[in-house]
Amino acid sequence: MAMQDTKIIGDSFEVGARFQRYWDTSMANAFFCGELGAGLFFVSFLFDFVPGMVTGMLITGIFKSFFHITHMGVPMKSWRAILRPDRSWISRGLIGIVFYLLFGTLHSLNMTFDLQASLGLGTAAGNLIQFFAACAALVVMTYQGFAMSHSTAISLWNTLLMPLSSLLYALTGGAVLTILMGWNSLFAMTTSGQKHLTSETLLLLLISAIVVASILYSANNRSRGGKVSVRLLLTGSFRQPFWYLVTGAGFILPALLLWVAPGNFIAVLVAATGILVGYYSYRVLIFKSGVYEPMSGFR
Amino acid sequence: MARYGMVFDLRRCIGCNACVIGCKQENSLPDGMFFTRTLSEEYGVYPAVGRVYIPTLCNQCEDAPCEKVCPSGATYTRDDGIVMVDADLCIGCSSCAVACPYDQRSQVDKDLFEHGLFGTDELTPFEKDGYQRFVPGTIVKCDFCSERVDAGLDPACVVTCPTDARIFGDLDDPDSKVSELIRERNGKPPMPELKTRPKVFYID
């Protein structure tokens, strides 16, 4: 069947592409907050910037948890999601979040109050806490992408580029928020760190754009459902938010601003807003444009 | 122990949807929720065109993607191969629903229990009785009418089908009707490229 013949069938009893309708905006909000918070924590962690680390943990701990619980059909039993780390990325991610918040908090307290000295723990304990906090933050940044990429049902998601895009978006958002939060504190004394981080943000933006384009390219070439998803995003009903918000506001505008005026606070603020708008729109649209493959193989 | 499966004879299915109604009745399914659907597809180029009806339900996959991703262990496979959901363990995260390539899972809408089919904040006697089987917010799916199978009966959709287009039986028994049909008429599973090893086969 030709690409243009693959219909979106809605609720009708026909063979065609059907929208996934289970992971909705509340799940997109949870993924966005989880990745952004962990990204902010991780970048701030690299600069020993405690306010950034704490803010990152608050974004993940409060907002991600809230949106996940609103998504759950049986919120009171949500704790059960931790039970199958051997097979489920949701379980692994939840364990990752617990470790990230636990060791992230310990690391932040250690940075602020020098706990390892006052408790006589030695540097090894501090290093171990740092290591676990960073590893757990990496898990939180990527596991949602893995959870999506394991769905063979939805071609748009079924690629290992999905966790990579999660990681890149998380780091980009984390980097630009760290620049903003550290404008008058972390980077007040020395601008070299800020310039360095701005260059890295630009690079991350570029790689993110390439990865998003690659996700669409691979989905388009993989299956009929993948083609439908790409068509929805590029020329279909989601084309305006995709081109204006994900591409324009999320990639082009911030790249230009960070390149032309990296030392101007307003420009960086607008760039950060654009990145977050683009990132959030990407998260919502990638859920909305996911379709199940049309049934096949019976004749 | 038997390993249950189903065969759909596409030559016999007339798209009457009696199976869909039988399933809804048997499982007290609310409005908009289906454990089985009979899809239609047109094929060919005018004037040589035709229409085929394709019954669908949970394929009770041997290598079920829904079971693999379930974070709470609610989805499991019985010894007889029927994939089940334990409503007491399900947290309603819908991971299984986005993992099922056949889109054969549904979530029990919490509002349904408050507002009822007609939105009058009152359940009809059918709803009051039937909805007791559901836990609001959990994921549900076809289980080949496991309670009927346990009682030695065929699934409701099978007994309702007026053309015998649905055949249910033991895939491990070489003399069963399903095994015979699959062998003799080259039964094909849906979307075999996904390697989920469905226990549902189509013959044409």
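The values are calculated or read from the model by the stated rules, or taken from the named source; none is laboratory data. Note that this is a predicted model, so its numbers are computed, not measured. In this analysis, Cβ positions are derived from the backbone assuming ideal geometry, glycine residues included, and neighbour counts consider all displayed protein chains. Please note that ligands, DNA and RNA were not included when accessible areas were found on the heavy atoms of the full protein model with its side chains. Shrake-Rupley method; radii C 1.70, N 1.55, O 1.52, S 1.80 Å.
Return the value, in Å² to the nearest 100, of accessible area buried between chains B and A (probe 1.4 Å, both sides summed). Approximately 3600 Å² gets buried when B meets A. Subtracting the Cα-Cα distance of A:K195 and A:F131 from 0.36 nm times their residue separation leaves 20.4 nm of extension gain. Every pair of different Cα atoms in the protein assembly as shown enters the Kirkwood calculation, which places the hydrodynamic radius at 24.8 Å. Solvent-accessible area of the range A:20-292 (1.4 angstrom probe, protein heavy atoms only): carbon and sulfur portion equals 73 percent.
When only alpha carbons are used to place a centre, the range A:70-147 and the range B:28-73 end up 40 Å from one another.
What you get for the protein assembly as shown, charging only the Cβ of Lys and Arg (+1) and of Asp and Glu (-1), is a dipole of about 1240 debye around the Cα centre.
Across the range B:13-203, Cα pairs under 8 Å and at least six residues apart give a relative contact order of 22 percent. Helix A:265-288 and the longest principal axis of the C-alpha atoms of chain A enclose an angle of approximately 40°. Annotation: Cα Rg of the range B:46-86 relative to the compact-globule expectation 2.2 N^0.38 Å equals 1.84. Shape class for the range B:142-183, computed from the alpha carbon gyration tensor (a ≥ b ≥ c): oblate, with a/c not under 1.5 and a/b at or below b/c.
In degrees between 0 and 90, to the nearest 10, how far off the longest principal axis of chain A does helix A:123-149 point, with axes built from Cα atoms? Here the helix axis deviates by roughly 10 degrees. Assign one of three labels to the range B:1-121, namely rounded, prolate or oblate, based on the Cα gyration tensor with a ≥ b ≥ c the square roots of its eigenvalues; rounded applies when a/c is under 1.5, prolate when it is not and a/b is larger than b/c, and oblate otherwise. Oblate shape, in that a/c is at least 1.5 and b/c is the bigger or equal ratio. Using a Gaussian network model of chain A in which every pair of alpha carbons under 10 angstrom is joined by a spring, one finds that among A:V270, A:V43, A:V15 the greatest mean-square fluctuation is at A:V15.
Using the 1.4 Å probe convention, the accessible area of the range A:38-129 works out to 49 Å² per residue with neighbouring protein chains retained.
Considering only A:F99, A:V284, A:L269, and ranking their Cα positions along the charge dipole of chain A that arises from unit charges at the beta-carbon of Lys, Arg, Asp and Glu, the one farthest toward the positive end is A:V284. Once the Cα atoms are used to define both axes, helix B:18-27 deviates from the longest principal axis of chain B by about 40 degrees.
With a Cα cut-off of under 29 Å and a minimum spacing of 8 residues unless on different chains, the lysine pairs in the range A:20-292 number 4. Here chain A is treated with +1 on each Lys and Arg Cβ and -1 on each Asp and Glu Cβ, and its dipole about the Cα centre works out to around 860 debye. Calculated on the alpha-carbon coordinates, the convex hull of the range A:1-160 measures out at 148 cubic angstrom per residue.
For chain B, lysine pairs separated by 8 or more sequence positions, or belonging to different chains, with Cα-Cα distances below 26 Å total 21.
Principal semi-axes of the equivalent ellipsoid, √(5λ) from the alpha carbon gyration tensor of the range B:13-203, are 28, 21, 17 Å from largest down. How would the range A:20-292 be classified by its alpha-carbon gyration tensor: rounded, prolate or oblate, with rounded meaning a/c under 1.5 and the a/b versus b/c comparison settling the rest? Verdict is oblate for the range A:20-292. Using the Cβ-Cβ distance between B:F118 and A:S296 with R0 = 41 Å, the FRET efficiency computed as 1/(1 + (r/R0)^6) comes to roughly 0.60. Taken about its Cα centre, chain B carries a charge dipole of roughly 600 debye when the Cβ of each Lys and Arg holds +1 and the Cβ of each Asp and Glu holds -1.
Working note: 222 nm ellipticity from helices only, DSSP H runs with n ≥ 4, each -39,500 (n - 2.57), summed and divided by the residues of the protein assembly as shown, gives -15000 deg cm²/dmol to the nearest 500.
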